[in-house]
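Following: one structure in structure tokens, then a few remarks.
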Amino acid sequence: MKGHYKNILCVLSDSHRQDDTVAQALHIAKAHQASLTIMLSLESLPPNASMVMESFSYVDSQQTMETQAKHWLKEQAESWGKHYPVATAVTVGQPLIDVVRYVKKNNIDLVIKRAEESFLDKLFGSLDMRLFRKCPCPVWIINHKPRSQYKNVVAALDLNYHYPQHEVSIRRDLNRDILRHASQIALLEFAQLHIVHVFDAVPENIARDGFISVDNDRMETDLAKIHAERETELDKLLEELGNELDDNVLEYLKPQKHIVHGYPRREIAATTTSLDTDIIVMGTVARLGVPGYIMGDTAEETIHQLKCAVVGVKPRGFETPISID
């Protein structure tokens, strides 16, 4: 089945409290028999640092920082790699660019990273969000809690195919990939797989405020039709998934379907919370218009409401705006 990982990159932003992050990466790499590289990606010192702090030379400090970082990571890797081989890499520069370039040069198919400590009580920091937007491979951001076995895995799908045909094809492929990743995680963790789709017919604030006239009886009929349409589309995807998986695996997974009428930017997170979700797999780039620069508004707002781990998946054909040179 597609979806097995071969080359995994675990990104560390500092040396603090990273054992859980590495343990998660090792757990996934072992299950997939994938190669694992642990990267310590540090921001370079600002060019005017020596003007602010006269106690050090900028060049010498950059070199010393990189040397010390390599020494620390080598020592840690000896401990982390006792039961599974790990490679290491250290970068000092611009973490987003350094990570994406490493991903492209080394054919990385999964990036794992611990969520940044962020102000305003948001789980995901700026580097996390930029990786969701611009990293060409799936990005798995784990939350701050110590790792325990996941019990509930959510695949968040957009089953609205009322778009031009070329875009429908992209959306269907993205849904297939989300389901593949979610089912792999559910199998790895012996977890319950949930599939969530939220559909919105008429934005409720428009209907509620009387900006348009709505026939409530016909509205109920329309909503029932949309629900049936989305359920049919989901059943097709699950049939395809069942054909890809080994015999009886889909029956073992017993995915639970949640097709919800509501405002997606609110209800995806609300439904995820109600399911006591440990991890959600979702698309983070909605369309392929401007390569790498557009993150779906619904995805971005949803991510900021979540308290669980997130795997962000890009549509096929996505091209990062970050060059390899």
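A Cβ distance below 9 Å, combined with a sequence gap of six or more or placement on separate chains, defines the contacts here; from segment 228-246, residues that are in the same structural domain as residue 261 (by the TED database) and farther than 15 Å from residue 259 by Cα reach no residue that is open to solvent by less than 70 Å² (accessible area, probe 1.4 Å) and aromatic (Phe, Trp, Tyr).
Within segment 131-155, residues that are open to solvent by 10 Å² or more (accessible area, probe 1.4 Å) have Cβ atoms under 6 Å from residues that are hydroxyl-bearing (Ser, Thr, Tyr) and at pLDDT 95 or above in these pairs: 152/277, counting only partners at least 6 apart in sequence or on another chain. Being in a helix (DSSP H, G or I), among the charged types (D, E, K, R) and under 13 Å from the mean Cα position of the chain (by Cα) is the requirement here; does residue 173 meet it? In short, no. Within segment 76-96, count every residue that is assigned to a helix (DSSP H, G or I) and buried (at least 16 other Cβ atoms within 10 Å of the Cβ). Result for segment 76-96: 5. At pLDDT below 95, in a helix (DSSP H, G or I) and out of contact with any Pro (no Cβ under 9 Å at 6 or more places or on another chain): is that true of residue 118 in this structure? Against the criterion (at pLDDT below 95, in a helix (DSSP H, G or I) and out of contact with any Pro (no Cβ under 9 Å at 6 or more places or on another chain)), residue 118 does not qualify.
The values are calculated or read from the model by the stated rules, or taken from the named source; none is laboratory data. Values in this document were obtained by computation on a predicted structure and should not be read as measured data. Neighbour counts are summed over all protein chains in view; Cβ atoms, including those assigned to glycine, are modelled from backbone coordinates with ideal geometry. The accessibility values were calculated without ligands, DNA or RNA, using every heavy atom of the protein model including side chains. Shrake-Rupley method; radii C 1.70, N 1.55, O 1.52, S 1.80 Å.
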